[in-house]
1. Taking the dipole about the Cα centre of the chain, with the C-beta of Lys and Arg at +1 and of Asp and Glu at -1, give me whichever of Gly138, Gly297, Ala231 is farthest to the positive side.
2. Putting +1 on Lys and Arg Cβ atoms and -1 on Asp and Glu Cβ atoms, find which of Trp365, Thr50, Ile151 reaches farthest to the positive end of the dipole of the chain.
3. Please give, to one decimal in nm, the separation of the simple spin-label points placed at Trp72 and Leu86, each 7 Å out from Cα toward the Cβ.
4. With each run of n ≥ 4 DSSP H residues scored as -39500 (n - 2.57), what mean residue ellipticity at 222 nm is computed for the chain after dividing by its residue count and rounding to the nearest 500 deg cm²/dmol?
5. Once you put a point 7 Å from the Cα of His40 and another 7 Å from the Cα of Arg243, both along the Cβ direction, what distance in nm separates them?
6. Counting only residues 5 or more places away or on other chains, whose amide H sits under 5 Å from the amide H of Gly14 once H atoms are built in the peptide plane?
7. Gain in length, Thr63 to Asp320, computed as 0.36 nm per residue apart minus the alpha-carbon separation, to one decimal in nm?
8. Quick one: work out the % antiparallel among DSSP beta bridges in the chain, nearest 5.
Amino acid sequence: MTARIRNVVGVMTGTSMDGLDGALVRIEGAGLDLSCDFEHCTHQPMGNLTKTMRQAGNQEPMTARQFAQLAWEFGQRNADVIEQLLDENLTPDLIAVHGQTIVHDPPLSWQLINPAPIAARFSCPVVCDLRQADLAAGGQGAPITPLSDWILFKDANRSRAIINLGGFCNITVLPCREEHLHTSLSDIHGFDVCACNQLLDHIAREALHQPYDHLGQSAQSGRVQEQIADALLESLLKQAHARKSLGTGDEIIESLNKFIQSSEPADLVASAVQAIARTIARVLREHAVDEIVCAGGGAHNQALVAAIGELAGQPVVLSDALGIPIEAREAVCIAILGTLCADGTPITLPHVTGCSSPAPLAGTWCGMKARPD
């Protein structure tokens, strides 16, 4: 019997609010037995939505009409990204969108988007609200990518730490399948660590007058100021040790502001990179892995990736080397999670998010209600 093949689109927008990432994948099989082949990806800036979305994320007052307008326009912007991924002869079997997180304080979490414009444009099932079922079951709603990371990056010969260097850093720890011939999902671990690009991009905007530190060039040219690095490290370690999902209110921007006016910009960003890398390295020491895989926008920051490898004392590869572009990893994960939802497979791990066991089925559907085969 021929395995089922589906063309699935995933769209992700991170807490950095710097743009939308879309990925088209070819999925063969179903449920936990599925396999995923990356086809291609695209990125589109959020443009004039960035300012308003940041205002919403900063909890600035907005009217119901403004929220409705923002959700509608964001749905349209997601549809524009999806359109870039598809040729005129391809209709996707499924679209999964994350939406923009504008508040995350479990049990409250809002990934703002109106999926109706997407379903209307592509005439296929659209799934969103992937975190809500976990939250309603007492979980943190995050991290939600460990199961999709397992599908993408499990290896028979080595254990891996998948580090997402996004607005916040989160890590998935995958066991070596050879060591665990009967690996159960309980052997997969995942957790949020600390603020990452939230911190670095704020410095870039306020001190470098740039949207971000391109390739980490300013960090590479600066000198680490231990007073700054130690102060930031203290705040970041508090986040890491809290072992909770991170979101709005966890940006630790106040820890930075006292240094922005009194420090050399390059030294400030170099110190922040060092503090983030030290935090990640300390967390990694608690997990014996054979290989570190970095992905997310922060993986473009060569200073950060190099510091993580040096401080962790382990080989670091980018997800590009494993067939998943660093900027597409989260969008690919969203596509996989949406497919699992369509197949009636729970997407969160109770020992990761803290939800009730068994984990509930997730997803809010628009367009057509997908049913497991």
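1. Of Gly138, Gly297, Ala231, it is Gly138.
2. Trp365
3. 2.2
4. -11000 deg cm²/dmol
5. Label at His40, label at Arg243, 4.5 nm between them.
6. Gly19
7. Stretched fully, the Thr63-Asp320 segment lengthens by 88.3 nm.
8. The antiparallel fraction comes to roughly 75 percent.
None of the figures in this text is laboratory data; all of them are computed from the coordinates on show. No experiment lies behind these values; they were computed from the predicted model shown. As a convention, Cβ positions derive from the backbone with ideal geometry for all residues, glycine included, and neighbour counts pool all protein chains shown.
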